[in-house]
Structures are given as C-alpha cells and as structure tokens.
C-alpha cells in the first residue's frame, strides 16, 4: 500500500522552504551513513542492555533492512513499532527507509482497542514490540488481534523469544547480511516516511503523516537554537513512540551526539545517569523536574555537566523553575510549550 501526502505543500511553498534553508532535502540514511563512515567508533546510543557506536548502528540498520526485504516488506508497506526506549527502536525505524517502507510508531501504553484500530487503519504489514513492558504482554495481545488483522503478516519481538509465529530481532540481525546497494531503495525527501498517531483522548487516535523534510527541519531548528553539537549527551526518557522522544534520537544523529535511553523514568535513576554519563541535555515534562527536585539524590549527585533542560507538554510553575535553577545553576531551563 502506498500512502500519499493528502495535502502536499504547493510548489511555491516548497521553493520558499528550500530558499530559506528550512528544507535541505536530506534523508535519515544519508545522515546515518555519514556518521557510520566518518565516526564509526563514536558511541551513538546506550540503554540498560547495551551500547552501540555509529558504525555498529548503521550496520544493524542495514542488516535489519535486508531481513525485512527478504520477508516481503516493500516500498509503501507500513511497519508499526510499539517499543519502549531501547536501541532496537532506532535500528528498526531507520532501516525502513532502505526498503521504502513507512514507520508507524505508537505509544507503548496503547492496548488492544487502540492497537487494533491503528493497525487496521494503517494497514500495517508488520508489527514490532517487546515481549513485555510495565507488566503488559504485547505478544499475547497481538496474537489475540491477529485473526482480525488480515494484512498483518509479520510479528517481530525485540526480546529473545522462541515461537513459530514470532521472529526474534536479535537472531535475525545477527544472522542476516547487510542490504546490498543494488537492493536498497532511495526515498525522496518529500516521500511520506512516518506516521504518528495522537493519543485519542476524545475519540479514535488520529494519524499524522510526515516526510523527511518536515521531520528534519524541526530537529535542525532544535539543534541550531540550542547549540547541540557532537559533544552533547542527551538523556531520553520521553517515550520514543511519541514525537518528542523520537525526535531526540534524530537530533542526536544529526549532530553526532550521544543518547542515553531510559525505559522508565524515576527521579533517582535519572539523577544517577546524569552524573555517570555526564548528561548535558534533557527534554522533559515539568512533572519529571518536580520529581527530581524532591529526590534526596538531588544534592548527592554531580549535575554540573547539565547545560540545557527543555520542558514542554504543560506549563512549569514559576516556583519549579526557580527551584531547579537554584539546584542546578549550570543548566538553563527553557520552557518550550505549555498551556
């Protein structure tokens, strides 16, 4: 299935966006290939399970793309990712460009009703999940739904599983060669490459379509205005299945920075990671700032590496802003958006 942009920008707007430097006509693979070639040994990401360099990340992306190609996933097919903050998310997400498929990232908190609706609406051909997260069994859910999802032909689990109806990510990445250049597709920067669904608070989740240009221009604006460089280390505990957590991964790749992925936020664990990993940049919501301010670890940890904490999703109280600035004077707290 090919998904087309329902309301593409006019030719005049595209010319204006390019002339102003907002749209640079890049794709993710061009950025990652450059990182993998120029700084292959630089650490790109870490999570609770492993660390990966830019060279290793690019190789895994290419191997997973080849696996999906061999499974019949092709240009225009939709692959739904329902994952916690693990390295496997960017590997799967970035691999899809190399076969022309579309990434549909959804919240790890969605359950059967939302997942069935989204997979039907998007006509997803493949579904990628963890085995369990926060005590919820994703494989049991998708097995229950599968009979009602005739277009879903492939289920992949990022945990090590041994089941005839589920593919283990680790096994296929280890056993599959990198995609050959002759088989890799080259998507246009104007092609739809991802879908993101709203939370559906007042109804069914609504799907929003993005191309490379609309995604990368936002991430570049963040990096430029916040002076993000390859020296930055980002702490990403915002869900990668939602927009901001995902865009932090893209920002890091664009700048050649490093990301520390955190599956579940806790104030004590976040403060420990800031000290140990020398975190410089955190995107967050005000509630997490309040939690860290209330943690006894706040005064025990060296937080001097922090330079930017950017908050959004809700308005931070003035008292919270003042308390944080007093507690972490090295960091600048910026409110991005709040109502």
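All of the numbers you see were taken from the coordinates with simple rules; none came from a lab. Because the structure is predicted, anything quoted here is derived from the model rather than measured. When we count neighbours, we look across all protein chains shown, and the Cβ atoms used for this are built from the backbone with ideal geometry, even at glycine.
Ranked by Cβ crowding within 10 angstrom, fewest neighbours first, how are 181, 56, 151 ordered?
Values: 181 9, 56 19, 151 14.
Result, fewest neighbours first: 181, 151, 56.
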_I'd like the orientation of helix 112-122 relative to the chain: the angle between its Cα long axis and the longest Cα principal axis, in ° from 0 to 90, rounded to 10._
60 degrees
*Using alpha carbons only, how many degrees (0 to 90, rounded to 10) separate the axis of helix 212-225 from the longest principal axis of the chain?*
10 degrees
_Debye intensity ratio I(q)/I(0), log10, the stretch 155-210, q values 0.15, 0.18, 0.20, 0.26 Å⁻¹ (C-alpha model)_ = -0.82, -0.92, -0.92, -0.92
*asked:* Between residue 12 and residue 332, what is 0.36 nm times their sequence separation minus the Cα-Cα distance? Round to one decimal in nm.
replied: 111.3 nm
_At R0 = 25 Å, FRET efficiency that the Cβ-Cβ distance of residue 121 and residue 218 yields, to 0.05_ = 0.55
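What FRET efficiency, computed as 1/(1 + (r/R0)^6) with R0 = 51 Å and r the Cβ-Cβ distance, is obtained for residue 33 and residue 299, rounded to the nearest 0.05?
On the way: r = 44 Å, r/R0 = 0.87.
For residue 33 and residue 299, the calculated efficiency is 0.70.
Given just the C-alpha atoms of the stretch 92-150, how large is their convex hull per residue in cubic angstrom?
Numbers: hull volume 5.0 nm³, N = 59.
So the per-residue Cα hull volume is 85 Å³.
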_Degrees, to the nearest 10: 318-327 long Cα axis against longest axis of the chain_ = 80 degrees
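With 10 angstrom as the radius, rank 244, 23 by how many other C-beta atoms surround their C-beta, starting from the fewest.
On the way: 244 19, 23 23.
So the ranking, lowest neighbour count to highest, is 244, 23.
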*asked:* So if each residue of separation counts as 0.36 nm, and I subtract the Cα-Cα distance between residue 188 and residue 287, what length gain in nm does that give?
replied: 31.7 nm
*Quote the FRET efficiency, to the nearest 0.05, computed for residue 272 versus residue 231 with a Förster distance R0 of 30 Å and r equal to the Cβ-Cβ distance.*
0.90
_How large is log10 of I(q)/I(0) for the chain at q = 0.12 Å⁻¹ when the intensity is taken from the Debye formula with one equal scatterer per alpha-carbon?_
-0.88
_Packing-based exposure ordering (other Cβ within 10 Å, fewest first) of 224, 123_ = 224, 123
